[in-house]
Amino acid sequence: MDALSRAGPRLFAPARLRDAAAVILVRGSRDQREVFWVRRGRGPAFAGFHAFPGGSVDEADGALPVAGLPADQASLFVAAVRELFEETGVLLARGSGIRSDLSSVRRGLLEGRLGFGEALQASGACLDPALVSPAGRWITPDFAPVRFDARFFLARLPEGQHAEVWPGELASGEWLAPSEALRCWERGQALLHPPALHILRSLASADDDELLEALRRPRQVIDHVAQRIELQRGIRSLPLRTPTLPPASHTSCYLIGDREMLLVDPGSDDPAENMRMVRQARALRNEGRRLLAVVLTHHHRDHVLGSLVAKNELGAPVWAHRLTAEKVGGVDRLLEDGEELALGGELPMLLRVLHTPGHASGHLCLFEEQSRALLCGDMLSGASTIVIDPPDGDMELYLASLERLCALGPRTLFPAHGEVMPDGPERLAEAIAHRRWREERLLQTLSEGPLPLAELTRRAYSDVAPAALPFAERSTLASLSWLERRGRISRLGALFCLA
């Protein structure tokens, strides 16, 4: 029985929605139009993604009266203006006495010495909702760990003001043409969530008198929730509810390719989720695309349970590594390390198959050479630490596979669970360092005397929630097996001790 089989019944409750607001700040007109976009830093939400200045509505935002707006709309407007000022230094307000240098006021606001109302007063400014135009509403899908009900506002850069990002919550910010921003997305140099992608496409194509209507009417959106998520051109994410390990509740199924496509890891056993997957694949096929195959990264059930549905409903063969095929049925082609999978289209893609055992003996990753995107399956998670579950899981092989992936220098990691990670080598190096640190914790704990597996895990994983200890036990056993092979520890019946 593997760790997934011990996971117990599945419980899923979507994260609470938070009201949020963002500003699409532009300058110039149709042919010379530029937009100010920012890159998020390593924070709790959307780390490394490009977006537009904005953030959550604070309780204090509702305390500032705005002439002509009801309280709920006023708080969103105030939040948008405040966030724009905090993140870029641009103040959307009126007043003949507005100071030319707002840096000290901005710093006081960021450091908590001033509230936003006080900052406005110190700036000689007053709020005017006529300076912005509502430009759409987007709600984060229910699978995300952090969710927002976000309103977007379109605004022009006020004369005499300059946008500047101070490093912190944001990594960078710059003006550029929307078409150039889209080229960055196509090359894999910028990751975009659906709202940002739609906004940039609208800015790149719509005339001034059509822009607001284009922004407010996105395609493939139901009840303000995007139905298609293309984080990088040619890499579409479709998170499906699966019987996976907590804290994850979904496995990200990926549709890879521009015209010719692969469907990676359809892992749901929920009929409704599988039909959602089938509908999206058929919609893409109706747009002129062709599904070549279903690819399984490994045999764990939260990656394979929907593969036969995909095969039967979409007529696509199933491809996997030989060691995966030995554990699951219906595999039509065996993939081996070093194979190259070419996907044709306006944006051709070449995927290199990498055999990366450790989490599972037949585990595969797919590396897109041009953009350096890595579909890493369960080699790394954006939600938690990966469980290494013997006997099929092997810590020595897992670390060797991580080292190999790190040496490739992937720009972006697309994991099966959790957020996409745009700083690939750094994240892989952190995972390796964490495993080495955990190994040292085991050795330090055993220096106090022999211990059984459960007690050793409890002490060495004192930073882990009790509910996660049964899964941590499996990774502990994998580490101990490797330490034993290296002569660092030995077994005395049910006890483990230093050699």
Criterion (modelled with pLDDT of 95 or more, surrounded by fewer than 22 Cβ atoms within 10 Å (Cβ to Cβ) and over 26 Å from Glu419 (Cα atoms)) met by exactly one of Ser104, Ser100, Ser133, Ser96: Ser133
Residue in region 254-272 that is assigned to a helix (DSSP H, G or I) and either free of Cβ contacts under 8 Å to residues at least 12 places away in the same chain or assigned by TED's automatic domain parsing to the domain that holds Arg411 (or both) present: yes
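With respect to Ala407, determine if the residue is crowded, with 18+ Cβ neighbours inside 10 Å, at pLDDT 95 or above, under 24 Å from the mean Cα position of the chain (by Cα) and not in a loop (DSSP other than H, G, I, E, B).
The answer is no for Ala407.
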Hey, Leu76 under 21 Å from Arg27 (Cα atoms), in contact (Cβ under 8 Å) with a residue 24 or more places away in the chain and not acidic (Asp, Glu) or not: no
Any chance Glu440 is of a type in the set (Asp, Glu), at pLDDT 95 or above, farther than 30 Å from Gly48 by Cα and in a helix (DSSP H, G or I): yes
Helices (runs of 4 or more DSSP H) fully within region 284-345 counting 3 or more residues that are more than 24 Å from Phe367 (Cβ to Cβ): 307-314
Residue tally, condition more than 25 Å from Ala150 (Cα to Cα) and either in a helix (DSSP H, G or I) or of a type in the set (D, E, K, R) (or both), over region 95-110: 7
Conditions (1) out of contact with any helix residue (DSSP H, G or I) (no Cβ under 8 Å at 6 or more places or on another chain); (2) in a helix (DSSP H, G or I): number failed by Ser475: (1)
Residue check, Gly362 outside any strand (DSSP E or B) and farther than 21 Å from Gly424 by Cβ: yes
Residues located in region 234-256, provided they are buried (at least 21 other Cβ atoms within 10 Å of the Cβ), of a type in the set (Gly, Ala, Ser) and either modelled with pLDDT of 95 or more or within 11 Å of Gly267 (Cα to Cα) (or both): Gly234, Ser252
Tally, over region 82-105, of residues that are within 20 Å of Phe36 (Cβ to Cβ), touching a helix residue (DSSP H, G or I) at 6+ places or on another chain (Cβ under 7 Å) and without any contact (Cβ under 8 Å) to a residue 60 or more places away in the chain: 7
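Conditions tested, residue by residue: (1) in contact with a strand residue (DSSP E or B) (Cβ under 6 Å, 6 or more places away or on another chain); (2) over 29 Å from Ala407 (Cα atoms); (3) surrounded by 20 or more Cβ atoms within 10 Å (Cβ to Cβ); (4) among the acidic types (Asp, Glu).
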position: Arg441; (1), (2), (3), (4): no, no, no, no
position: Thr457; (1), (2), (3), (4): no, yes, yes, no
position: Ala467; (1), (2), (3), (4): no, yes, no, no
position: Arg488; (1), (2), (3), (4): no, no, no, no
position: Arg491; (1), (2), (3), (4): no, yes, no, no
Contacts under 8 angstrom Cβ, first residue in region 359-373 being under 24 Å from Thr476 (Cα atoms) and among the basic types (Lys, Arg), partner modelled with pLDDT of 95 or more and surrounded by 20 or more Cβ atoms within 10 Å (Cβ to Cβ), 6 or more apart: none
Counted residues, region 18-38 - those being at pLDDT below 95 and either assigned by TED's automatic domain parsing to the domain that holds Phe471 or basic (Lys, Arg) (or both): 1
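The values are calculated or read from the model by the stated rules, or taken from the named source; none is laboratory data. Treat the numbers as computed from the prediction; the structure is a model and nothing was measured. Every residue, glycine among them, receives a Cβ derived from its backbone with ideal geometry; neighbour counts consider all protein chains shown.
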